[in-house]
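The values are calculated or read from the model by the stated rules, or taken from the named source; none is laboratory data. Note that the structure is a prediction, hence the values are computed from the model and not measured. Here the Cβ is made from the backbone with ideal geometry for all residues, glycine too, and neighbour counts use every protein chain on show.
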Amino acid sequence: MITRLRLLPAITLAALMLLPSMASAQDWPTRNVKFLVPLGPSSGADITARLLAERLQTKWGQAVTVENRAGGDGMVGITAFLSVNDDHTLFFGPTATYTAHPYMRATVPYNANDIIPLVRTSVTVVTVAVPTALGVNSLKELVDLAKKQPGKLNWAAVTGLNEYQFMSFVKSAGIDMVRVPYRDLNQAVTDLSEGRIQSYSSAYATARPAVEGGKIKVLALTNTTRAPMLPGIPTSREAGYPALEFDGLVGIHGTPVVQASARARIEKDVLETLKDKTITDRLTATGTLVAPGTAAEFVAAIDAQKSVAAQTAKFLDLKPGQ
């Protein structure tokens, strides 16, 4: 009995020491949460962010809003996110924006180590599409047409790694196509539909209305696997052009100020929410592959994507900071 009594203060002390960490996990969030998306409305990441925000605000008991900060090759959104440096402002977007930045700018105005992957949500279905009126039905046919008309066909792609993969495709296929840069990616879809550009690589979510309207045709996916909503569309590797291949990872990121307990809660609640069939069905219908992943799994996938970026940069003879 005496031994048990002597143990009580130690046990009580240990329990009390756990209370702050338990309380902090429950306390977050203490105010509104903001998802900062580096792309415009209707992009794959934007649609995913808004669907999750709707459900998470019920779990968290706080409003969850989405703010679009497009432009500057994703730099606008990332620098805005990092400059706030707040544990209630989270970056919700594709990793292909920042994994390509070292090869896109002479100087990168942020420390990449400050971008902390918290949880993977999805993989964007990225398509290569052409105007239906072009009469092209495969990547090979597009390459053959480009070879017959060197310098006459235009192309566009979402900035970042997606754009570099298309550049790699053009070089490896030995064709001459002219890149057209866009600030507003919705305008690119319009121009593709009307034949002002002849190929566009982007999230299927962005192109879907024009595809369903019969104005543009999807030739291939850049993804490593086929997409259930486009079962008849081959991957670029299956089509014979592996230079286009990459997976558009999307997830939630924080900064170092986000405490471990808050990180754990964000990961847990997002993964639970993505088990909801209503959510997964809605995302799949818009052209997103639901691919929940823990922070550790997200980091591993990002590292693999960085390796793809490095290989592509080497092939294109791009140097970090060039």
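Which condition number in (1) under 26 Å from Ala45 (Cα atoms); (2) not assigned by TED's automatic domain parsing to the domain that holds Ala309 is the one that Asp114 fails?
Of (1) under 26 Å from Ala45 (Cα atoms); (2) not assigned by TED's automatic domain parsing to the domain that holds Ala309, only one is false for Asp114: (2).
Looking at (1) under 30 Å from Val257 (Cα atoms); (2) surrounded by fewer than 17 Cβ atoms within 10 Å (Cβ to Cβ); (3) at pLDDT 95 or above, can you tell me which one Asn111 breaks?
(3)
If a residue must be surrounded by fewer than 15 Cβ atoms within 10 Å (Cβ to Cβ) and closer than 23 Å to Pro29 by Cβ, how many such residues does the stretch 265-287 contain?
Of the residues in the stretch 265-287, the ones surrounded by fewer than 15 Cβ atoms within 10 Å (Cβ to Cβ) are 268, 272, 275-278, 281, 285.
Checking the rest, the ones that are also closer than 23 Å to Pro29 by Cβ come to 268, 272, 275-276.
Selection size over the stretch 265-287: 4.
Is it true that Gly213 is small (Gly, Ala, Ser) and either out of contact with any helix residue (DSSP H, G or I) (no Cβ under 9 Å at 6 or more places or on another chain) or touching a residue at least 60 places away in the same chain (Cβ under 8 Å) (or both)? Show your work before the answer.
Numbers: small (Gly, Ala, Ser): yes; either out of contact with any helix residue (DSSP H, G or I) (no Cβ under 9 Å at 6 or more places or on another chain) or touching a residue at least 60 places away in the same chain (Cβ under 8 Å) (or both): no.
Considered against the rule, which asks whether it is small (Gly, Ala, Ser) and either out of contact with any helix residue (DSSP H, G or I) (no Cβ under 9 Å at 6 or more places or on another chain) or touching a residue at least 60 places away in the same chain (Cβ under 8 Å) (or both), Gly213 comes out as no.
Considering the stretch 226-238 alone, what residues qualify as being surrounded by fewer than 18 Cβ atoms within 10 Å (Cβ to Cβ) and in contact (Cβ under 8 Å) with a residue 24 or more places away in the chain?
First, the residues of the stretch 226-238 that are surrounded by fewer than 18 Cβ atoms within 10 Å (Cβ to Cβ): 226, 228-229, 231-232, 234, 237-238.
Scanning the stretch 226-238 gives Pro228, Met229.
What pairs can you find where one residue is in the stretch 290-316 and among the hydrophobic types (A, V, I, L, M, F, W, C), the other is surrounded by fewer than 19 Cβ atoms within 10 Å (Cβ to Cβ) and not in a helix (DSSP H, G or I), and their Cβ atoms are less than 8 Å apart, with a gap of 6+ or different chains?
Ala313/Lys319; Ala313/Pro320
Residue pairs, Cβ under 8 Å, 6 or more apart or interchain, first in the stretch 50-70 and in the same structural domain as Glu272 (by TED's automatic domain parsing) and farther than 21 Å from Gly40 by Cα, second of a type in the set (Gly, Ala, Ser) and surrounded by fewer than 20 Cβ atoms within 10 Å (Cβ to Cβ). List them.
Gln57/Ala63
Counting just the residues of the stretch 139-165 that are more than 21 Å from the chain's Cα centre (by Cα) and assigned to a loop (DSSP other than H, G, I, E, B), which one comes out surrounded by the most Cβ atoms within 10 Å (Cβ to Cβ)?
Leu153
Could you grab the pairs with beta carbons closer than 6 Å, sequence gap of 6+ or different chains, first residue in the stretch 159-175 and among the acidic types (Asp, Glu), second one surrounded by fewer than 22 Cβ atoms within 10 Å (Cβ to Cβ) and part of a helix (DSSP H, G or I)?
none
Pick from the stretch 166-214 the residues that are part of a loop (DSSP other than H, G, I, E, B) and of a type in the set (D, E, K, R): which of them is nearest to Ala133 (Cα to Cα)? I'd like the intermediate steps shown before the answer.
Residues of the stretch 166-214 part of a loop (DSSP other than H, G, I, E, B): 174-177, 180-184, 194-198, 213-214.
Now narrow it down to the ones that are of a type in the set (D, E, K, R): 176, 183-184, 194, 196.
Values: Asp176: 21, Arg183: 25, Asp184: 23, Glu194: 9, Arg196: 11 Å.
Only one residue tops the list, namely Glu194.
Could you list, in sequence order, the residues of the stretch 234-249 that are among the hydroxyl-bearing types (Ser, Thr, Tyr), touching a Ser or Thr at 6+ places or on another chain (Cβ under 7 Å) and more than 28 Å from Ala296 (Cβ to Cβ)?
Applying the first criterion (among the hydroxyl-bearing types (Ser, Thr, Tyr)) to the stretch 234-249 yields 235-236, 241.
Right, trim to touching a Ser or Thr at 6+ places or on another chain (Cβ under 7 Å) and you get 235-236.
Of everything in the stretch 234-249, just one residue is among the hydroxyl-bearing types (Ser, Thr, Tyr), touching a Ser or Thr at 6+ places or on another chain (Cβ under 7 Å) and more than 28 Å from Ala296 (Cβ to Cβ), namely Ser236.
Condition first: among the polar types (S, T, N, Q) and under 23 Å from Ile47 (Cβ atoms). Now tell me which residues in the stretch 288-322 satisfy that. Full working, then the answer.
Residues of the stretch 288-322 that are among the polar types (S, T, N, Q), as a first pass: 288, 294, 305, 307, 311-312, 322.
Residues satisfying the conditions are Thr288, Thr294, Gln305.
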